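Heads up: the structure comes next, in structure tokens.
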Amino acid sequence: MNEEKHSGIKWMDLLWLVFLLGLAVLPPVQERHKQLALLAIGILQLAEGRIIANWPRSGLSAVVLVKIILATLLINHTGELGINSSYYPIYYVPIVTAAIHFGPWGTLLWTLLASAAYCSYLYPALQEYTLTPTGAAELAIRIMFFFMAAIVVNRFTLENRRKTMQYQQVAEELTEANRQLEQAQAEARRSERLAALGQLSAGLAHEIRNPLGVIKGSAETLNRKLENSNPLASELAGYISSEVNRASALVTRFLDFARPLRTETRLQRVTELIDQALKSVAEQWKGGSIVVEREYQEDLPPVPLDENLCGQVFLNLVQNAYEAMGSDGGNFRVEVSEVRSNGRKGVQVRLKDTGPGVPVEMREQIFNPFVTTKKTGVGLGLSIVSKIVDEHHGTIRLENSDATGACFVIFFPAEEEARQRAGSS
């Protein structure tokens, strides 16, 4: 496209020079001032684009003004009387230039100035001749055509600009719609994978939990039986029991992930749940010093939330942020504001830490089960968080940024929006 555009500009420039050359070989050919004026007009026309690009405001007015001056000089040297010069249509050049680049009032102003410059030759002509009614009518016709041409070109230009803006707006809307469609498709695929994996996890967890119960019961029985007679065996039985407890806790997390959620929502303020999570994590934190920055918009509307589940969401995200910053400490910023997301009103929460962040190759899968950046853990925390947010008809995403740290953005729809979304699903 760019090559075609450049070639088109060169072709039009060449065509412009051909027409100017045609004027140069027409009488009066020997008039040096005429040839210089045509040469100056040609150079100015070729340099017009660069002048306007470098000086958008003053350059445009200067180009039109210089064209009017050159046109006035040209007709002064192409006829015995400038007012009678056959080259008077040269004024269409600055008039059309103004009509293309200025608005209606600017176009009329520049056309009036060009007409005044042309009519300025009427005064010296009246010193020697008399203006007849026919001559006055001819002059009026020429001036009227100046204004008519200016209005037609300006109207076409404005309409073309309006159409171009409409097409750009449509293109932007289509781009945004395509982005939202791709996001919805990705979320649908992720939901399908989560559903299938949830069913598998539920079946495995139930199958594993039963023998774990038998093993734990047997280990506790051995511990009691051998506590006095065989201390070593009793200690080993204790290890078995504690490891079974750890495995049982892991199975419980699998079941939490696989179990269908039953939300009991009521209107409440998101900031209260966030503050509870921040307080809970800070009281148990034993790592580096972390500064919490809160930026809560005033008069935030309450949104329908399940207090226990959403408390789990914020507790998990805050805990992850603290652990990511670790012993080095850092800043943890919490922003809560009322926004519109995909045409829905609601409350948005941004949680930003200054830890190492999430590797680029893991950002797309960070909410998938068994994906984690921690050395320990099974990677179910963010999957459960995503499932809870989905159940509230909200969205959660990891904001892409080149800055350090991770930034999670959660959106909870307002009551009416959530009810409509629930009804449609």
Seminar exercise, completed: Here, GLU323 and LEU113, labelled 7 Å along Cα→Cβ, have an inter-label distance in nm of 7.1 nm
For this session: Place +1 on the Cβ of every Lys and Arg and -1 on the Cβ of every Asp and Glu in the chain, take the dipole about the Cα centre, and give the residue among SER120, GLN180, THR354 whose Cα lies farthest towards its positive end.
Result: SER120
For this session: Whole Å is fine, so just give me how far the alpha carbon centre of segment 12-84 lies from that of segment 104-181.
Result: 18 Å
For this session: Please find, in a Gaussian network model of the chain (springs between Cα atoms separated by less than 10 Å), the residue of ALA188, ALA219, ALA414 whose mean-square fluctuation is greatest.
Result: ALA219
Exercise. For GLN268 and SER218, what is the calculated FRET efficiency with R₀ set at 41 Å and r taken between the beta-carbons, to the nearest 0.05?
Worked result: 0.30
For this session: Evaluate the charge dipole of the chain about its Cα centre and quote only its size in Debye, nearest 20, assuming +1 on the Cβ of each Lys and Arg and -1 on the Cβ of each Asp and Glu.
Result: 400 debye
Exercise. Three principal axis extents, largest first, for the C-alpha atoms of segment 2-131, in Å?
Worked result: 56, 36, 18
For this session: Rank by packing, highest mean first: peptides 36-46, 90-100, with packing defined as the count of other Cβ atoms within 10 Å averaged across residues.
Result: 90-100, 36-46
Exercise. For segment 228-336, which trypsin sites (Lys or Arg not before Pro) are both in a DSSP coil and crowded by at most 11 other Cβ atoms within 10 Å?
Worked result: ARG262, LYS286
Problem set entry | Relative contact order of the chain, defined on C-alpha pairs under 8 angstrom at six or more residues apart (%) | 9 percent
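State, as an integer percentage, the relative contact order of segment 2-131 based on alpha-carbon contacts under 8 Å between residues 6 or more apart.
Working: 89 pairs, mean separation 24.3, N = 130.
Once divided by the residue count of segment 2-131, the mean separation gives 19 percent.
Output the Kirkwood hydrodynamic radius of segment 284-420, Cα pairs only, in Å rounded to one decimal. Walk me through the numbers before you get to the answer.
Numbers: mean 1/r = 0.0640 Å⁻¹.
Every distinct Cα pair counted, the radius reaches 15.6 Å.
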Seminar exercise, completed: Everything considered on the Cα gyration tensor (a ≥ b ≥ c; rounded for a/c under 1.5, else prolate if a/b is larger than b/c, else oblate), the chain must be described as prolate
Seminar exercise, completed: segment 74-169, Kirkwood Rh and Cα Rg, ratio Rg/Rh at 1.12
For this session: Just tell me which aspartates and glutamates come within less than 18 Å, Cα to Cα, of LYS279; anything on the same chain fewer than 8 places away is out.
Result: GLU293, GLU295, GLU307, GLU323, GLU335, ASP353
Seminar exercise, completed: As a percent rounded to 5, the proportion of antiparallel DSSP bridges among beta bridges in the chain is 75 percent
For this session: Could you tell me how many degrees, from 0 to 90 and to the nearest 10, lie between the Cα long axis of helix 104-119 and the main elongation axis, the longest principal axis, of the Cα atoms of the chain?
Result: 20 degrees
Exercise. How large is the helix-only mean residue ellipticity at 222 nm for the chain, computed as the sum of -39500 (n - 2.57) over DSSP H runs with n ≥ 4, divided by its residue count, in deg cm²/dmol to the nearest 500?
Worked result: -22500 deg cm²/dmol
Problem set entry | Charge-dipole axis of segment 3-83 as Lys and Arg at +1 and Asp and Glu at -1 on Cβ define it, positive-most pick from LEU20, ALA62, ALA40 | ALA62
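With contacts defined as alpha carbon pairs under 8 Å and 6 or more residues apart, what's the relative contact order of segment 259-332 in percent? Walk me through the intermediate numbers first.
Working: 74 pairs, mean separation 37.2, N = 74.
Computed value for segment 259-332: 50 percent relative contact order.
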Problem set entry | Highest average packing first - 156-168, 57-69, Cβ atoms within 10 Å | 57-69, 156-168
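Every number here is computed from the coordinates shown, using simple stated rules; none is lab data. What you see is a predicted model, and the numbers here were worked out from it, not measured in a lab. All Cβ positions, glycine included, derive from the backbone under ideal geometry; neighbour counts span all protein chains shown.
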